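Derivation of every value follows stated rules applied to the coordinates shown; laboratory data play no part. Remember, predicted model here, so these are calculated numbers, not experimental data. Glycine gets a Cβ as well: all are built from the backbone with ideal geometry, and neighbour counts include every protein chain shown.
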Amino acid sequence: MPIQRLVDNVLAITKESVKTFTYESLNNIVRLINGVSALLLAILPGKTSILEGIHGWELRPTFRGPKLPRWMGNGASSFNQFIHNLSVESDTSSSLDESSEEEYSDDYIPGSPLSQSSRVSRASSFTKYDKHRINWIRKLFMWFLLPLKFFLGIPVWLYSLSSSSSSSAPSTPRSPQPSPLHSPRRLQTLKDHFVQRATDRRRGVVEDLHLAFEISIEAIFDIFRKAALCILAPFDTLREVLRWVSSHSTGPRDCLSQDVSVPTATLAENDPTPTERKTTFHHSLNTDARTCQDVITELGYPYEPIRVVTADGYVLLLERIPRRDARKVVYLQHGILDSSMGWVSNGVVGSPAFAAFDQGYDVFLGNFRGLVSREHVNKNISSRHYWRYSINEHGTEDEPAMIEKIHEIKVSELKSIQSDQEEETNNYQPYKLCAICHSLGGAGILMYVITQRIKDKPHRLSRLILLSPAGFHHDSSFMFTLVEYVFLVLAPVLAPLVPAFYIPTWFFRMLLNKLARDFHNLPAVGGLVQTLMSYVVGGDSSNWVGVLGLPHYNMNDMPGVSFRVALHLAQMKRTKKFKMFDYGSAAANMEVYGSPEPLDLGEYYGLIDIPVDLVAGRKDRVIRPSMIRKHYKLMKDSGVEVSYNEFEYAHLDFTFSHREELLSYVTSRLLLVGPYSKHLYRQKSLKQRKKDGTREQQI
């Protein structure tokens, strides 16, 4: 029907006009936010030193001219193209589009792995008449947008480009061109595209808004189109209503069980007429919720999860990259607000876990208690009771449970080589276990070794490699000092009200996950957030924005910080000692420690009977090198076999950043542990060590 075709054309042009207006308005708002962020970033002091550690960080905002909607060039709605590329990251797609337009005459778009055959060149899909009609529509559309170009930021060159492209359109069909997939440069671009897609699967908030606007506009105009069809064809409408009533009366359909689908139009290779297809959305939120297991298995490494239950009922996840016959074992423990993901986040080349596995080690990745999921044997445990722990529990509950589980597994796997006499010995250990710990993990492992020695129990360890370990914090920034006073003064009031610091609802966790993507796409906004976060942590130049983008910060789960852990750190800073948690009264401390004061771990460094390697970062403003040297001095004075080294790193560079120099150093320290010998593994007991000390004094 001519009238129906006219209505369809008018609605199509109006719909694309509204889409373009909305899209450009959103883009300009984003540009404004990015520009204001760039202005604020320019006037903030000390930003250069803060951002210098972030490789490839671009502070200058990139302003891109708006592009014509895709329907003008290939006959399909821009919304349909957006849905077709739903799984493709917007930043990678845009960069590929730009490079293709600059280097090649045809507009090739790399497809998704499941739909490479669905792409078609613009020039090969239309006849001369189709191109002529499209050019007229483009001219009318540009005249329609002319009054709005000053508000939308549409450059004048876009209008002239539209006119010149229509006048220079070829009048003869183009000769067949070789397949774009045969170009080596495009194959490399396609490879980079898929690699980037595999490493980050999120859409940002801006992209979600764009998608929401597209879907809303499509739905509204679909209603207008159906209403127009009802008016223009009343008999067809009546027939459809009767058919719907008859089908509805035969049996109800379970609408809730159906997947949400959106009809989209694609172009066939030989037929330029758009054909309808359905696209199903299973993960509409599209956040990156990969686990450590996903990262390890996607890179082709073996993986084994181990469930560990502590003595006080907390359920921990000990993850493993197994070498079951290996006698060399390494145990890696993360720091505060981190998880095992930190040891594998840099991929095959730059991750300590993969480097150790490639060197022949059986790798275990520990996870402290303190996740939003609150895993506990008591499924109904309250938030207040779950978060009621300090660093004490990390060192005296979490570490013993995980290391004893490692011991149990390795003894069981290597059991075939032990003799009956060795089997009866408690201290039999057919492997060598080294621990690599970062930040809070370093404080926890030191507490574990000392308390095990005091209890006259074996700690199973052969060497400690501590990367910027916590414990001493009195040499810190003004911001940390202010936080210390706030915690110590307001602790009685805050402790019952704020059991921990974490994001409690899934919506705001999802929002953080998506904002991390936007911080990456908007350089000035990301730089501003990075600078402000660095001010909070004393000017440390670690890539804090990049860390927020790690997959373990997602809507399903997220590391948190117990109030008592933060209070414990404040107590250490105030007393200038590496002490266990102060319960606030002499009676409470007497019940736990047998003395009115908490245990000063620095005074017991002489009990450490294994080599310790301390590593500090010269750019570390969270735990400064002077505090690592404090550990070193006390250990050296206590007779511990200890080494000290410094690198030009910030606090998170020890795990999050790819540092070849650090990996080489850690590997060299691991190699210092000699091969396993068949004699029994025995540790000097505390009593024996005291006897030896008494003899030395008498001599």
Violating pairs (Cα-Cα greater than 31 angstrom) within the set Lys410/Lys573; Lys226/Lys514; Lys15/Lys514: Lys410/Lys573; Lys226/Lys514
In the range 338-386, what trypsin sites (Lys or Arg not before Pro) fall in a loop by DSSP, with at most 14 other Cβ atoms inside 10 Å? Lys379
Taking amide hydrogens as modeled 1.01 Å from N in the peptide plane, which residues meet the under 5 Å criterion relative to Leu44, leaving out close sequence neighbours? none
Please tell me which of these pairs span more than 27 angstrom C-alpha to C-alpha: Lys457/Lys579; Lys379/Lys415; Lys432/Lys579? Lys379/Lys415; Lys432/Lys579
If R0 is 45 Å, what FRET efficiency do you get for Phe21 and Val561 from their C-beta distance, rounded to 0.05? 0.50
Taking placed amide H atoms and a strict 5 Å upper bound, the residues 5 or more places from Glu646 or on another chain that come that close are Ala616
Could you tell me which of rounded, prolate or oblate describes the range 302-448, using a ≥ b ≥ c as the square roots of the eigenvalues of the alpha-carbon gyration tensor, with rounded for a/c under 1.5 and, failing that, prolate when a/b is larger than b/c and oblate otherwise? oblate
Multiply the residue gap between Glu603 and Asn9 by 0.36 nm, knock off their C-alpha separation, and tell me the result in nm, one decimal place. 205.5 nm
Along the range 484-494, Karplus-curve 3J(HN,Hα) (6.51, -1.76, 1.60; θ = phi - 60°) to the nearest Hz, with x for Gly and Pro, reads 4, 5, 5, 5, 5, 7, 9, 4, x, 7, 6
So what are the ³J(HN,Hα) numbers for the range 653-667, from phi and the Karplus equation (6.51, -1.76, 1.60; θ = phi - 60°), rounded to whole Hz, Gly and Pro as x? 5, 6, 10, 7, 8, 7, 10, 5, 4, 5, 4, 5, 5, 4, 4
Assuming 0.36 nm per residue, please report the length gained on full extension of the stretch Val673 to Lys455 beyond their Cα-Cα distance. 75.9 nm
If packing is taken as the average number of other Cβ atoms within 10 Å across a peptide's residues, how do 234-247, 582-595 rank, most packed first? 582-595, 234-247
Loop-resident sites, the range 422-507, for trypsin sites (Lys or Arg not before Pro), counting at most 13 other Cβ within 10 Å (DSSP): Lys455
Mind listing which trypsin sites (Lys or Arg not before Pro) in the range 612-654 are in a DSSP loop and have 14 or fewer other Cβ atoms within 10 Å? Arg618
Could you tell me the calculated FRET efficiency between Ala587 and Tyr485, based on Cβ-Cβ distance and R0 = 35 angstrom, to the nearest 0.05? 0.85
Extension gain, Ser643 back to Glu413 (0.36 nm per residue minus Cα-Cα distance, nm): 79.5 nm
Run the quick spin-label model on Thr297 and Thr505: label points 7 Å from Cα toward the beta carbon, then report their separation in nm to one decimal. 3.3
For the Leu232, Leu39 Cβ pair and Förster radius 60 Å, calculated FRET efficiency rounded to 0.05 is 0.65
